[in-house]
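Below you will find the structure I want to go over with you.
The values are calculated or read from the model by the stated rules, or taken from the named source; none is laboratory data. Since the model is a prediction, treat every value here as computed from it, not as a measurement. Quick reminder, even Gly has a Cβ in these numbers, built from the backbone with ideal geometry, and neighbours come from all protein chains shown. The accessibility values were calculated without ligands, DNA or RNA, using every heavy atom of the protein model including side chains. Shrake-Rupley method; radii C 1.70, N 1.55, O 1.52, S 1.80 Å.
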Amino acid sequence: MSEGATPETVQQAMTRAARSLDELGLAYSMRDVRRLMTAALAIKSDRLTLHLRDDLPPEVRIVFDAFCARRGKREPVSRILGGRLFFGRWFKNSSHVLDPRPETEILVERALQGDFDNVLDIGTGSGCIALTLLAEKRDATAIATDVSPDALKTALENAVSLEVSDRVTFVVSDWFHSVDGRFDLIVSNPPYIHPSEMNALSPEVAQCDPHLALTDFVDGLTGYREIAAQARGHLHPGGRVLVEIGPTQAKAVQKLFVNAGLVSIAVHPDFDGRDRVVEGFLPDS
Ligand code: GLN
């Protein structure tokens, strides 16, 4: 709080902040403001209502106002808070990784419906896919790759905090270049945005997610081509591939998988009914 600023209650500060975010054209401003206030007060979200009439301590106001100013510049709440929940677990983010998305939970959910002992995650970023699979399946192991060593630092921190670091090996790799071995399951959320769509991204995504994690700068399909080409050499017989896709890419990715000899190919929708995950299997023999 600047010297002499009028004292406010928690509720008044939230109303003031939401109004200024509204004026900047942000949607759902009160939802974001509540989360930022909860973090500034360092309380659990279900306790916020109990504090609405309290005076906002000046030192908390400084933090809260700084959070809201960042949101006003279109940083997502998850970036301001340094992480978010994914499949019920906290994943730290950094400027080097894609912020985990709820749609990606669909891929994890599908993965857990099948059996696997070892998994390869291509382009792991924060590690949200591979590490969630290890946390859910306590006897599995994983190799998680990324072309960015800085991304792998964030993934390692997440592996440590989720207590799965003894079951994951991180490998700096451009696609499959440094990957050896065969796996029961290959998963990936590759950079799939077509370069021509990069201009249409919201400022939250365009300013905060690394562009290397968003687009291949080619046609959005490079990751699927690489995975299709390598599936036979890196899957056990009967092994499975699961990739996240953009909603318009299902046909193209299915075709790549069919041409690579994968079978039982299925497309799974996200919560909004858009195509989001493609699954395929290597035949048993
Ligand atoms: N789902 C992300 C988005 O549309 C894109 C991530 C990716 O390319 N893998 O913001």
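By a straight-distance test (C-alpha under 18 Å), which aspartates and glutamates pair with residue 137 as possible cross-link partners, with residues fewer than eight away in the same chain excluded?
Here the aspartates and glutamates satisfying the reach criterion relative to residue 137 are 105, 109, 115, 117, 121, 163, 166, 184.
A further question follows. Tell me, in nm to one decimal, what length is gained between residue 248 and residue 232 on full extension, where the rule is 0.36 nm per residue of separation less the Cα-Cα distance?
Values: separation 16, 0.36 × 16 = 5.76 nm, distance 2.55 nm.
Stretched fully, the residue 248-residue 232 segment lengthens by 3.2 nm.
In addition: For segment 68-111, what are the per-bin percents of Cα-Cα distances with bins 10 Å wide, up to the bin holding the maximum?
Binned Cα distances yield the sequence 27, 48, 21, 4.
While we're on this one: Can you tell me the equivalent ellipsoid semi-axes for segment 89-204? Use √(5λ) from the Cα gyration tensor, largest first, whole Å.
Numbers: eigenvalues 99, 47, 45 Å².
Its equivalent ellipsoid spans semi-axes of 22, 15, 15 Å.
Against the empirical 2.2 N^0.38 Å scaling, what ratio does the C-alpha Rg of segment 40-87 come to? Kindly include the intermediate steps, with their values, before the conclusion.
Values: Rg = 12.2 Å, N = 48, 2.2 N^0.38 = 9.6 Å.
Computed over Cα atoms of segment 40-87, the ratio equals 1.27.
Report the FRET efficiency, 1/(1 + (r/R0)^6), for residue 156 and residue 259, where r is their Cβ-Cβ distance and R0 is 30 Å, rounded to 0.05.
Rounded to the nearest 0.05, the efficiency is 0.25.
For residue 73, go through the aspartates and glutamates and keep the ones whose alpha-carbon is under 20 Å away, minus same-chain ones fewer than eight residues off.
22, 23, 32, 65, 99, 204, 209
Okay, moving on. Just tell me which aspartates and glutamates come within less than 17 Å, Cα to Cα, of residue 255; anything on the same chain fewer than 8 places away is out.
219, 226, 244, 275, 279
Something else now. Ranked highest first by average number of other Cβ atoms within 10 Å, how do 62-71, 201-210, 173-182 line up?
62-71, 201-210, 173-182
Something else now. Express in whole angstrom the spacing between the alpha-carbon centres of segment 241-278 and segment 213-237.
If we compute the Cα centre of each part, the gap is 12 Å.
In what sequence, highest mean first, do 233-245, 34-46 appear when ranked by Cβ atoms within 10 angstrom? Mind dumping the intermediate values first?
Numbers: 233-245: 20.6, 34-46: 16.0.
Taking the mean over residues of other Cβ atoms within 10 Å, the ranking is 233-245, 34-46.
Taking 10 °C and 1.306 mPa s as the conditions, I'd like the Stokes-Einstein D for segment 151-285 in µm²/s, using the Kirkwood hydrodynamic radius from alpha carbon pairs.
Details: Rh = 16.2 Å.
Answer, rounded: 98 µm²/s.
Just subtract the alpha-carbon distance of residue 12 and residue 163 from 0.36 nm times their residue separation and send over the number in nm, one decimal. Display every interim value, and only then the final one.
On the way: separation 151, 0.36 × 151 = 54.36 nm, distance 4.08 nm.
The span from residue 12 to residue 163 would gain 50.3 nm if fully extended.
In addition: Starting from the Cα gyration tensor of segment 1-71, multiply each eigenvalue by 5, take the square root, and state the resulting semi-axes largest first in whole Å.
Semi-axes (√(5λ), whole Å): 17, 15, 11.
Another question about this same structure. Give me the orientation-averaged projected area of the Cα convex hull of the chain, in nm², one decimal. Kindly include the intermediate steps, with their values, before the conclusion.
Working: hull surface 64.2 nm².
Average of the hull's projected areas for the chain equals 16.0 nm².
Just grab the label-to-label distance for residue 46 and residue 274, each label 7 Å out from Cα along the Cβ direction, in nm (one decimal).
That separation, rounded to one decimal, is 3.2 nm.
Report the extension gain between residue 26 and residue 66 in nm, rounded to one decimal, defined as 0.36 nm multiplied by the number of residues separating them, less their alpha carbon distance. Walk me through the intermediate numbers first.
Details: separation 40, 0.36 × 40 = 14.40 nm, distance 1.66 nm.
Full-extension gain reported as 12.7 nm.
Give me the percent of accessible area attributable to carbon and sulfur for the chain, probe 1.4 angstrom. Please report the intermediate quantities before stating the final value.
Numbers: 7120 of 13650 Å².
Whole-percent figure for carbon plus sulfur exposure: 52.
Let me ask something additional. Specify which residue in the list 160, 48, 249 is farthest towards the positive end of the charge dipole of the chain, using unit charges on the beta carbon of Lys, Arg (+1) and Asp, Glu (-1), about the Cα centre.
Working it through, the farthest residue towards the positive pole turns out to be 48.
Share of antiparallel DSSP beta bridges in segment 28-158, in percent to the nearest 5? Present the calculation step by step, with values, prior to reporting the outcome.
Values: 4 of 9 bridges.
Close to 45 percent.
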